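Single-structure report; data block below.
Bear in mind that the values in this text are calculations on the coordinates, not laboratory data. Given the structure is predicted, the values throughout are model-derived calculations rather than measurements. Please note: Cβ atoms are built from the backbone with ideal geometry, for glycine as well, and neighbour counts cover all protein chains shown.
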Amino acid sequence: MAVSCIYRKNLQEIKKQTPAICLAAVEANGLNLEFVKVQSRNICLEAVANNPAALQFVKKQTPEIYAAAESKNKNISEFCNF
């Protein structure tokens, strides 16, 4: 599967999500994070760098991830859950 062809609905159908597939998916669209089964720090950081609204899909928010999202959008606090 070409990584550039991964869309949100396709990502949730992938049974064996590798870190590389997930990273490529959030690089293409940060909101793909919603369907990433195992969220690493790097995947979450890339997702919020691509689209700060992806913060709402981060399962384990940290100050570092929040700061990365806020650096792109100062009004992102509505999605902060820590």
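Overview of results
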{"quantity": "Charge dipole of the chain about the Cα centre (unit charges at C-beta), most positive-ward option of V36, V58, C80", "calculated": "V36"}
{"quantity": "For the chain: lysine pairs under 16 Å (alpha-carbon distance), excluding those fewer than 8 apart on one chain", "calculated": "5"}
{"quantity": "From the coordinates shown, volume of the Cα convex hull per residue in Å³ corresponds to which of (1) 194; (2) 128; (3) 75", "calculated": "(3)"}
{"quantity": "Label-point separation, E34 to T18 (7 Å along Cα→Cβ), nm", "calculated": "2.6 nm"}
{"quantity": "Highest average packing first - 65-78, 17-30, Cβ atoms within 10 Å", "calculated": "17-30, 65-78"}
